[in-house]
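*Asks:* The following block contains the structure, expressed as structure tokens.
The values are calculated or read from the model by the stated rules, or taken from the named source; none is laboratory data. The structure presented is a predicted model; accordingly, all values stated were derived computationally and were not measured. Note that we place each Cβ from the backbone using ideal geometry, even for glycine, and neighbour counts take in every protein chain shown.
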Amino acid sequence: MNASDSYRDMLAAVATFHRKHDFKNTGGEELTYRVALMAEELGEISACVSKGRGTAALAEECADLLILLVGTAIAADFDLLEAFWSKMEALDRREARMIGGRIRVSEFKDR
């Protein structure tokens, strides 16, 4: 496979994969199914970190999650690149706080 750092190339590769396996007509683009797959991948990422499986294993599981995220954008018909930059812009405007000794950037709602 041709390595590229272009989001558009990654999007095209995932779209080709979806077409190859006919995800649209075989349940592969059903959103609750995709959420379950993403939760599974998060569990595998967690296992990599908590069990010290190493950077290569962690990278592979993160790539699986990224592929699922890009595929979800295809399935739900939204522009993930646009959503990413919009969210980064919003996050950049938020304040950071130390909570429990760790940095947190969020929409804090003090009560």
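Let's see how each residue does on (1) buried (at least 16 other Cβ atoms within 10 Å of the Cβ); (2) among the charged types (D, E, K, R); (3) in contact with a Pro (Cβ under 6 Å, 6 or more places away or on another chain):
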| position | (1), (2), (3) |
| --- | --- |
| Ser4 | no, no, no |
| Asp9 | no, yes, no |
| Ala12 | no, no, no |
| Phe17 | no, no, no |
| His21 | no, no, no |
| Gly52 | no, no, no |
| Glu61 | yes, yes, no |
| Leu68 | yes, no, no |
| Glu82 | no, yes, no |
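*Asks:* Can you work out which of the residues in the stretch 92-111 that are charged (D, E, K, R) and over 24 Å from the mean Cα position of the chain (by Cα) is nearest to Glu30 (Cα to Cα)? Break it down stepwise before answering.
*Replies:* Step one: list which residues in the stretch 92-111 are charged (D, E, K, R), which gives 92-95, 97, 102, 104, 107, 109-111.
If we keep only those that are over 24 Å from the mean Cα position of the chain (by Cα) as well, we get 97, 109-111.
On the way: Arg97: 37, Lys109: 34, Asp110: 37, Arg111: 39 Å.
In this case the residue turns out to be Lys109.
*Asks:* Take the residues in the stretch 48-91 that are closer than 30 Å to Phe108 by Cβ and charged (D, E, K, R); name whichever of them is farthest from the chain's Cα centre (by Cα).
*Replies:* So the residue we want is Glu89.
*Asks:* In this structure, does Ala90 turn out to be in a helix (DSSP H, G or I), loosely packed, with under 11 Cβ neighbours inside 10 Å, free of Cβ contacts under 8 Å to residues at least 12 places away in the same chain and among the small types (Gly, Ala, Ser)? Walk me through it before giving the result.
*Replies:* Working: in a helix (DSSP H, G or I): yes; loosely packed, with under 11 Cβ neighbours inside 10 Å: yes; free of Cβ contacts under 8 Å to residues at least 12 places away in the same chain: yes; among the small types (Gly, Ala, Ser): yes.
So Ala90 passes the test.
*Asks:* Scanning the stretch 1-33 for residues that are outside any helix (DSSP H, G or I) and modelled with pLDDT under 95, which turns out nearest to Phe78 (Cα to Cα)? Full working, then the answer.
*Replies:* Here is the first cut: in the stretch 1-33, the ones outside any helix (DSSP H, G or I) are 1-6, 21-22, 26-30.
Add one more test, that the residue is modelled with pLDDT under 95, and what stays is 1-6.
Working: Met1: 25, Asn2: 25, Ala3: 24, Ser4: 22, Asp5: 20, Ser6: 18 Å.
Among residues in the stretch 1-33 that are outside any helix (DSSP H, G or I) and modelled with pLDDT under 95, the one nearest to Phe78 (Cα to Cα) is Ser6.
*Asks:* Could you grab me the full set of residues in the stretch 34-45 that are over 15 Å from Val70 (Cβ atoms) and either assigned to a loop (DSSP other than H, G, I, E, B) or aliphatic (A, V, I, L, M) (or both)?
*Replies:* Of all residues in the stretch 34-45, those over 15 Å from Val70 (Cβ atoms) come to 36, 39-40, 42-45.
Within the stretch 34-45, Ala36, Ala39, Leu42, Ile45 qualify.
*Asks:* Next question, about the same structure. Filter the stretch 63-100 down to the residues that are among the small types (Gly, Ala, Ser) and farther than 18 Å from Ala39 by Cα and list them by number.
*Replies:* Of all residues in the stretch 63-100, those among the small types (Gly, Ala, Ser) come to 63, 71, 73, 75-76, 83, 86, 90, 96, 100.
Those that are among the small types (Gly, Ala, Ser) and farther than 18 Å from Ala39 by Cα: Ala83, Ser86, Ala90, Ala96, Gly100.
*Asks:* Sort out which residues of the stretch 23-38 are free of Cβ contacts under 8 Å to residues at least 12 places away in the same chain and surrounded by fewer than 12 Cβ atoms within 10 Å (Cβ to Cβ), and write them in order of number.
*Replies:* Asn25, Thr26, Gly27, Thr32, Ala36
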